[in-house]
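Asker: Have a look at this one.
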Amino acid sequence: MHLLNDLKWRYATKHFDSSKKVSPENLSKLKQAIQLSVSSYGLQPYKVLIIENKEIRKQLQAASWGQNQIIDASHLLVFCNYNSVNNKHVEDYIKLASKLQESNIDSLNNYGDFIKQKISEISPKENYHWAYRQTYLALSNLINACAALKIDACPMEGFENEKYNDILDLSKANLNAAVIATIGYRSEKDKAQYRQKVRKPFNQLFEVI
Ligand SMILES: Cc1cc2nc3c(=O)[nH]c(=O)nc-3n(C[C@H](O)[C@H](O)[C@H](O)COP(=O)(O)O)c2cc1C
């Protein structure tokens, strides 16, 4: 199983080699891995910003506990959840499904109505957190795909999301910066790559019932 070796190889990169860039071909593969992420009802209630602009990255670094990965990495990805998942998102999903699966939209509308009903039963806060959680599934696919391509990555929550929302003008698009990731290639000087992984043993992590 290649995946286990890939997962052992990867680590949360603290220092990137700023001279090395992820190629457009590999970036496209990573985008596909994100695109293929599972999501609740398949709605993918988020958008992923790929930030290359150095000036913006400098501003974002100041809102990210000063972490140097923000500017040294090849790319910075910002996973943004929709603040509220609404009927329009469901209708867009149903239209897309009908087109891609070449099926009659009427037959999918029942599913759409079911989703809309379920969404109407949750509070705005639950709606927000539900969309927020979906971004982590996409983040996870990115991290694993990076490992498969021997691209280094660091998933990151160490940032001030309100400042990100301001700098990237996200609120007007009904978006919120949920979680971020930096990708690129490790610097030889990054001591973190030589450390033993710290993971709970099976007997603490799993329980058979
Ligand atoms: C959601 C999330 C947020 C994280 N935030 C940061 C961060 O802001 N800065 C950082 O250097 N590492 C961050 N990490 C990395 C974790 O500390 C790291 O994944 C964990 O210690 C396990 O180590 P490993 O990934 O090297 O195996 C984050 C990881 C996750 C999953």
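Asker: With the Cα gyration tensor of the range 2-205 in hand, give its eigenvalues times 5 under a square root as the equivalent ellipsoid semi-axes, listed largest first in whole angstrom.
Answerer: Sorted largest first and rounded, they come to 33, 20, 17 Å.
Asker: Also, quick follow-up: Report the accessible area of TYR46, computed with a 1.4 Å probe over the heavy atoms of all protein chains in place, in Å² rounded to the nearest 10.
Answerer: 30 Å²
Asker: Right, next: Compare ASP166, ASP92 by solvent-accessible area with a 1.4 Å probe and give them largest first, with all protein chains kept in place.
Answerer: Result, largest first: ASP166, ASP92.
Asker: Using Cα positions and a limit of under 17 Å, work out the aspartates and glutamates in reach of LYS20, with same-chain residues fewer than 8 apart set aside.
Answerer: Cα-Cα hits under 17 Å: GLU52, ASP72, ASP152, GLU188, ASP190.
Asker: Roughly how many nanometres apart are two label points built 7 Å out from the Cα toward the Cβ at LYS118 and LYS20?
Answerer: Calculated label separation equals 4.2 nm.
Asker: Carbon and sulfur atoms: what percent of the 1.4 Å accessible area of the chain do they account for?
Answerer: The value for the chain is 53 percent carbon and sulfur by accessible area.
Asker: For the range 77-209, report the accessible area per residue in Å² (1.4 Å probe, heavy atoms, rounded to an integer).
Answerer: It amounts to 62 Å² per residue over the range 77-209.
Asker: For the range 63-154, what relative contact order do you get, as a whole percent, if you take Cα pairs closer than 8 Å and at least 6 residues apart?
Answerer: With pairs under 8 Å counted, the relative contact order is 35 percent.
Asker: Go through 65-76, 184-195 and give me the packing order, highest mean Cβ count within 10 Å leading.
Answerer: Result, highest mean Cβ count within 10 Å first: 65-76, 184-195.
Asker: Quick one: helix 24-35 against the long Cα principal axis of the chain, what's the angle to the nearest 10°, folded into 0 to 90?
Answerer: 50 degrees
Asker: To continue, here is another question. Any chance you could give the angle, 0 to 90 degrees and rounded to 10, that helix 87-100 forms with the longest Cα principal axis of the chain?
Answerer: Orientation of helix 87-100: about 90 degrees from the principal axis.
Asker: Taking every pair of distinct Cα atoms and averaging 1/r, then inverting, what Kirkwood hydrodynamic radius in Å comes out for the range 84-148?
Answerer: Taking every pair of different Cα atoms in the range 84-148, averaging 1/r and inverting gives 13.5 Å.
Asker: At a threshold of 8 angstrom on Cα-Cα distance, excluding pairs fewer than six apart, so keeping six or more, what relative contact order does the chain reach in percent?
Answerer: 36 percent
Asker: Still on this model: Taking each pair of different alpha-carbon atoms in the range 1-118 once, compute 1/r for the pair, average those values, and report the inverse of that mean as the Kirkwood hydrodynamic radius in Å to one decimal.
Answerer: With all distinct Cα pairs of the range 1-118 included, I get 17.5 Å.
Asker: Can you give the accessible area of LEU4, probe radius 1.4 Å, in Å² rounded to 10?
Answerer: The accessible area of LEU4 comes to roughly 90 Å².
Asker: Work out how much length LEU7 to ASN203 would gain on full extension: take 0.36 nm times their residue separation and subtract the Cα-Cα distance, in nm to one decimal.
Answerer: Stretched out fully, the LEU7 to ASN203 stretch lengthens by 68.5 nm.
Asker: In addition: In deg cm²/dmol, rounded to 500, what helix-only [θ] at 222 nm does the chain give when every DSSP H run of at least 4 residues adds -39500 (n - 2.57) and the total is split over its residues?
Answerer: One gets -14500 deg cm²/dmol as the mean residue ellipticity at 222 nm.
Asker: Rounded to the nearest 0.05, what FRET efficiency do ARG195 and ASN53 have when you use their Cβ-Cβ distance and R0 = 35 Å?
Answerer: 0.60
Asker: List the lysines whose Cα sits under 26 Å from the Cα of LYS172, skipping any in the same chain fewer than 8 residues away.
Answerer: LYS31, LYS47, LYS54, LYS58, LYS88, LYS95, LYS116, LYS118, LYS125, LYS163
Asker: May I pose another question? How much length is gained on full extension from GLU91 to VAL38, taking 0.36 nm per residue of separation minus their Cα-Cα distance?
Answerer: Full-extension gain reported as 17.2 nm.
Asker: Highest mean first, what order results for 102-110, 170-178, 18-26 on Cβ atoms within 10 Å?
Answerer: Final packing ranking: 170-178, 18-26, 102-110.
Asker: Moving on. Rounded to a whole number, what is D in µm²/s for the range 101-209 from Stokes-Einstein with the Kirkwood radius over alpha-carbon pairs (25 °C, 0.890 mPa s)?
Answerer: 134 µm²/s
Asker: From the P(r) of the range 1-61, can you give the percent of Cα pairs sitting at distances over 15 Å?
Answerer: 73 percent
Asker: Quick one: which residues, 5+ away or cross-chain, put their amide H under 5 Å from the amide H of TYR11? H built at 1.01 Å from N.
Answerer: Amide H neighbours of TYR11: ALA153.
Asker: Using the alpha-carbon atoms, what tilt in degrees (0 to 90, nearest 10) does helix 105-120 show relative to the longest principal axis of the chain?
Answerer: The angle comes out at about 70 degrees.
The values are calculated or read from the model by the stated rules, or taken from the named source; none is laboratory data. All figures in this text were calculated on a predicted structure; none of them were measured in a lab. Because the Cβ atoms are built from the backbone with ideal geometry, glycine has one as well, and the counts that use them run over all protein chains shown. Accessible surface is based on the protein model in full, side chains and every heavy atom, while ligands, DNA and RNA are left aside. Shrake-Rupley method; radii C 1.70, N 1.55, O 1.52, S 1.80 Å.
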